[in-house]
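Working notes for the structure below.
The values are calculated or read from the model by the stated rules, or taken from the named source; none is laboratory data. All values derive from a computational prediction rather than experimental measurement. Ideal geometry is used to build each Cβ from the backbone, glycine not excepted, and the neighbour counts take in all protein chains shown. The protein model used for the area step is the full one, side chains on, heavy atoms only, and it has no ligands, DNA or RNA in it. Shrake-Rupley method; radii C 1.70, N 1.55, O 1.52, S 1.80 Å.
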Amino acid sequence: MEKLKKVLIVTYYWPPAGGPGVQRWLKFAKYLPEFGFEPVIYTPENPSYPLVDETLIEEVPENLKIVKTNIWEPYQIAEKFSKSNKKFKGGQFDVGKNQSFLSKLSIFIRGNFFIPDARKFWVKPSIEFLRQYLVENHIETIVTTGPPHSLHLIGLGLKKELPKLKWIADFRDPWTEISYYKHLKLTSASDKKHRHLEKSVFENADLTLATSYTDAENFRKNGAKAFCITNGFDKFESLGDGESESWTVGELENEKDKVSEAPNHSNTQTLEPKFTLSYVGVLEQLRNPENLWKALTELSEKHQDFAKDFELKFVGRVDDKILNDIESSVLRDNIRNLGYLAHNDSVNEMQNSDLLLITNFPNESSKGIIPGKLFEYLATGKKIISFGPKDADVETILNKTNAGKHFDYSDNMEIQDFIYSLYEDWKAGKCIQNSANINEFSRKELTRQLAELLTKLD
């Protein structure tokens, strides 16, 4: 049997970290050995994660080599300064009228004193450690994945000291083009430094990976050898009556053909069936679809049957200010807020829904962001409603898979028409699931693409 070629993956987010950031390389690490590569994970020993999900530890491959070193982060100090600073770990900010003086000051300090981010203190120790580790273990290829984008500076430093090293910089989100970048209150000098570091990464990495088609194109315009490998799904689990069944995509497609015309009402945890719209994940102010809440309010006021049958379910962490606004409306009796759940339980809640909500930043510069959970949404077969800029990559995928509809943040009546049409189908007992082929977004297929790129680097 041919010996597997080692590749070192430098990642901040790793189980027990929760949230979508951990999924991408956890799944790549699972499948890479099937394509001739042995992944080695390099990650912090003592990270400060915004979310923790202990169940994800069970998904780490048994024989996977994991190397850890200590990291120092200033978040404990920042959180003593202001409790709202906890949001910064996940890239969240108070905006507009919700910004207090302390919040503004904290954002200024975060943007100008911690460049590119607060994990910068792990860069130098990691370069010193890995320089020797790579040589001693005969590892010729590394991957750095960000955010946090400070991890790309580890790759940059190693590339300068070991010029023959092959380096892939994986951008799960853009750096200076991400929507919250303009909210960092940067001085011109700090902005210039961010952009200089980003350009250095683009120009020195042997390959830059983007998770969207638009980001890859933008990276190429800025000097990167960029290629798009989207996020994807591994499998989804059908959980019911205490049993757990794993479904492959092919099996899912076959099952959809067998769905009867009987009502498939989603919510098994209430006495009466509900037409359930669910948001799964973290929802912050910068991605708050206020026009959706307005549309749902107007639907509830116009249609008594909809108001009685409708449920708005949150699974994850919703900004308090968003939740307070919704709870102050006529929708207050329709809300079911489950808080953060383990990943498998979150998937179960996706399946126990009729319509799944995904949101993106409203700026045109964000049209290339494809949230990772979109692909898990696709795997459930449920219809999807999306919010973001026009002509977004998410819209391209939804149209391609016939999985749902995308709206911008100015739409209203079109939203009402879309939701009420699905509700009427639900009420009539019609199947409202998506039935398009989504195999190209499976984690295994995406890992095959990654392995091909790794092979071409030799």
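A few points about this structure:
- Subset of Lys313/Lys427; Lys274/Lys430; Lys5/Lys221 violating a 26 Å alpha-carbon distance limit: Lys5/Lys221
- Convex hull of the stretch 18-70 built on C-alpha atoms - directionally averaged projected area, nm²: 3.8
- Here the alpha carbons of the stretch 287-360 define both size measures, Rg and Dmax, at 12.6, 37 Å.
- Residue pairs, from the table Lys294/Lys383; Lys225/Lys444; Lys321/Lys444; Lys65/Lys104; Lys199/Lys400, whose Cα atoms sit over 31 Å apart: Lys321/Lys444; Lys65/Lys104; Lys199/Lys400
- Taking all protein chains as they are arranged and a probe of 1.4 Å, the heavy atoms of Thr455 leave approximately 80 Å² accessible to solvent.
- Stretch gain in nm, segment Lys124-Thr297, where the contour uses 0.36 nm per residue and the Cα spacing is subtracted: 57.1 nm
- Taking all protein chains as shown and a probe of 1.4 angstrom, Tyr409 keeps an accessible surface of around 60 Å².
- Residues whose placed amide H lies under 5 Å from that of Asp117, excluding near-sequence neighbours: Ser150
- Accessible area in square angstrom per residue, the stretch 293-357, 1.4 angstrom probe: 41
- Grouping the Cα pair distances of the stretch 309-458 into 5 Å bins from zero gives a pair-distance distribution of 2, 8, 15, 18, 21, 18, 9, 4, 3, 2, 1, 0, 0 percent in increasing distance order.
- For the stretch 1-52, the share of accessible area belonging to carbon and sulfur comes to 54 percent (1.4 Å probe, ligands and nucleic acids excluded).
- Remark: accessible surface ordering of Tyr49, Tyr213 (largest first) is Tyr213, Tyr49, probe radius 1.4 Å.
- Local electrostatic count at Pro116 - Lys and Arg +1, Asp and Glu -1, tallied over other residues with Cβ under 11 Å: +3
- Placing dummy labels 7 Å off each Cα toward the beta-carbon, the span from Ser328 to Glu54 is 3.8 nm.
- For Ile432, distant residues with modelled amide H under 5 Å away: none
- A probe of 1.4 angstrom, applied to the heavy atoms of all protein chains, finds Phe129 with accessible area near 80 square angstrom.
- Radius 14 Å from Cβ of Val143, net charge of other residues (Lys, Arg +1; Asp, Glu -1): +3
- Available extension along the chain between Ile66 and Cys431 is 126.9 nm, counting 0.36 nm per residue and deducting the alpha carbon span.
- Sequence of His138, His194, His343 from largest to smallest accessible area, 1.4 Å probe: His138, His343, His194
- Cβ-based net charge around Leu454, under 9 Å, with every Lys or Arg adding one and every Asp or Glu removing one: +1
- For the set Cys431, Cys228, solvent exposure ranked by accessible area (probe 1.4 Å, protein chains only) runs largest to smallest as Cys431, Cys228.
- Computed extension gain for Gln132 through Lys221, at 0.36 nm per residue and net of the alpha carbon distance, reaches 28.6 nm.
- A straight Cα-to-Cα reach below 16 Å connects Lys164 with the aspartates and glutamates Glu136, Glu140, Glu203, Asp206, Asp458, residues fewer than 8 places away in its own chain not being considered.
- One way to sum up the overall shape of the stretch 370-428 is the equivalent ellipsoid from its Cα gyration tensor, whose semi-axes run 19, 16, 8 Å, largest first.
- Around the amide H of Val10, modelled in the peptide plane, lie the amide H atoms of Tyr42, Val143, Thr144, Thr145, all under 5 Å away and 5 or more residues distant in sequence or on another chain.
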